[in-house]
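See below for the structure under consideration.
The values are calculated or read from the model by the stated rules, or taken from the named source; none is laboratory data. Note that the structure is predicted; figures quoted are calculated from it, not measured. As a convention, Cβ positions derive from the backbone with ideal geometry for all residues, glycine included, and neighbour counts pool all protein chains shown.
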Amino acid sequence: MNNFEACNLTEGLNGLLGFKLVDWKKGFAQIEVELDERHKNRQGGIHGGVIATLVDAATGFCGVFESDPDKRPGNVTVSLTTNFVGPAKTSTLKCTAKTIRSGRRIYFASAEVHDTEKNLVATAEAVYAYVRKDSQKISFEK
């Protein structure tokens, strides 16, 4: 039984872009975004970087699910290949990601991005390395 409740992602770029984690369980994550002006490129379409970031977020989450946040590993992207397949025809995108295979140090994931009319917008493959959660903390000195 999955007791996950959808939540807005508030940290870093995910928060800035308005991503919402709508489903998350072992080997699976689903993130959606409601598109607005901040997501557009110079031509007025969806910026490819937004789609790639959506994919990176979802594939990142799918490999680190752990119900106890204190036991949840960190991760870093090793490789991310995004294929832009077609235009979105609605203002909401949903990225569904799943873990293909995971080991002790790395995991492989795949993802698809669809609009709400189920038009395929992008596909992706990703590789991540597990890291200690505290190793991702960055501090800047003046």
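A few notes on this one:
- Within the range 46-69, restricting attention to residues that are part of a loop (DSSP other than H, G, I, E, B) and not acidic (Asp, Glu), the residue that is nearest to Phe19 (Cα to Cα) is His47.
- Every pair of residues 6+ apart whose Cβ atoms lie under 9 Å, when the first sits in the range 74-100 and is over 18 Å from Val33 (Cα atoms) and modelled with pLDDT of 95 or more while the second is of a type in the set (Asp, Glu) and buried (at least 19 other Cβ atoms within 10 Å of the Cβ): Thr77/Asp56; Leu80/Asp56
- Matching residues, the range 54-67, being surrounded by fewer than 21 Cβ atoms within 10 Å (Cβ to Cβ) and touching a residue at least 12 places away in the same chain (Cβ under 8 Å): Val64, Phe65
- The numbered conditions (1) under 15 Å from the mean Cα position of the chain (by Cα); (2) surrounded by 12 or more Cβ atoms within 10 Å (Cβ to Cβ) are all true for Glu11 except (2).
- Given (1) buried (at least 17 other Cβ atoms within 10 Å of the Cβ); (2) not in a strand (DSSP E or B), index of the condition Gln43 fails: (1)
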